[in-house]
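Since the structure comes first, as structure tokens, the remarks are kept for the end.
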Amino acid sequence: MPSGQVSYKQIEVEPLTPTIGALVSGVDLTQPVDDALLSEIHTAWMAHLVLFFRAQPMSPDQHLAFGRRFGELHIHPAAPYAQDTPELMVIHTDKDSFRNNGERWHSDVSADEEPPMGSLLHIHQVPSRGGDTSWSNMYAAYEALSPTMQTLLDPLTALHASDYSGQYGDHQPQRESPQANHPVVRTHPVTKQKVLFVNEVFTRRINELSREESRAVLDFLFDHVKNINFQCRFQWEADSVALWDNRCTQHMAVWDYYPESRSGIRVTIRGDRPF
């Protein structure tokens, strides 16, 4: 979670809230990111969970290059992509869309055996108003639980599954819809802090509880993560970029701009198996 003041030499970091989110300036993402700059961005990322960059007219190749500085890139199981490059996931909603990408609180592709580490969303087109995205801090969500609830949840696992049939129109999935079992409370591999790791899009049931108990606990947790005290909200502009840690955040895209459009490209960074 965000804590204390960190001195940066190459970037300026302005927190959006005390709990999550920061606006980063002093960096041009159309240029190669060297090791020193990457280290500062990573430090800010771990402290604030989601970083925002304004006025970054990246090309797709520059977007891919920045993503690869964090690790190998992830390919979505089913989503359409741009320029014959599966790593360039298309994020687009317009008046003809039957659904909005990310309109419910979730962690990206958590049904994968190794869910993504993080995502880099570059928005190209924005509506005249609306179209914000909110992020929620899952460290804070866990820490806000009572010690008794934490003790209950710590040893439990949950099934995450997804059926992408029809979710992306006529686009054909590249592989079958994934499913995996993950800890209800995972440990972040960098910060070593505990993180609540269930979400209403992908988490189906808690394995160690009866179906009725699982439903009651999950319903409580799905509501709990929506607490506004855990959140920040970002107002997009054309060529804004968001970099979020998929291991310790959830996010939700607001679809309040019909019949206008919002469009961009997401590059996603591969992660490891939660523990």
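The values are calculated or read from the model by the stated rules, or taken from the named source; none is laboratory data. This structure is a prediction, so every number in the text was calculated from the model and none was measured. Cβ atoms come from the backbone with ideal geometry, glycine included; neighbour counts cover every protein chain shown.
Within segment 100-156, being in contact with a strand residue (DSSP E or B) (Cβ under 7 Å, 6 or more places away or on another chain), without any contact (Cβ under 8 Å) to a residue 60 or more places away in the chain and part of a loop (DSSP other than H, G, I, E, B) holds for 154, 156.
Figure legend. Inter-residue proximity from segment 231-255: first residues over 21 Å from residue 116 (Cα atoms) and in a loop (DSSP other than H, G, I, E, B), second residues at pLDDT 95 or above and acidic (Asp, Glu), beta-carbon distance below 9 Å, spacing 6+ or different chains. Indicated pairs: 235/132; 236/132; 254/132. Against the numbered list (1) in a loop (DSSP other than H, G, I, E, B); (2) more than 20 Å from residue 247 (Cβ to Cβ), residue 70 comes up short only at (2).
Inspection of segment 25-45 identifies no residue that is closer than 30 Å to residue 227 by Cα, part of a loop (DSSP other than H, G, I, E, B) and either over 21 Å from the mean Cα position of the chain (by Cα) or not small (Gly, Ala, Ser) (or both). For residue 214, state whether it is part of a helix (DSSP H, G or I) and either closer than 18 Å to residue 137 by Cβ or polar (S, T, N, Q) (or both). Against the criterion (part of a helix (DSSP H, G or I) and either closer than 18 Å to residue 137 by Cβ or polar (S, T, N, Q) (or both)), residue 214 qualifies.
In segment 184-205, is there at least one residue being polar (S, T, N, Q) and modelled with pLDDT under 95? Quick ask: steps written out before the conclusion?
Residues of segment 184-205 that are polar (S, T, N, Q), as a first pass: 187, 191, 193, 199, 203.
Still in the running and modelled with pLDDT under 95: none.
No; the residues of segment 184-205 include none that is polar (S, T, N, Q) and modelled with pLDDT under 95.
Can you say whether residue 199 is buried (at least 20 other Cβ atoms within 10 Å of the Cβ), of a type outside the set (A, V, I, L, M, F, W, C) and under 16 Å from residue 160 (Cβ atoms), as far as the supplied structure shows? Criteria met by residue 199. Every listed requirement among (1) buried (at least 20 other Cβ atoms within 10 Å of the Cβ); (2) in contact (Cβ under 8 Å) with a residue 40 or more places away in the chain is met by residue 22 save one, (2).
In this structure, residue 51 does satisfy being buried (at least 20 other Cβ atoms within 10 Å of the Cβ), in contact with a helix residue (DSSP H, G or I) (Cβ under 9 Å, 6 or more places away or on another chain), modelled with pLDDT of 95 or more and not in a loop (DSSP other than H, G, I, E, B). Total residues in segment 1-25 satisfying the condition of being modelled with pLDDT of 95 or more, farther than 16 Å from residue 245 by Cβ and not hydrophobic (A, V, I, L, M, F, W, C): the figure is 4.
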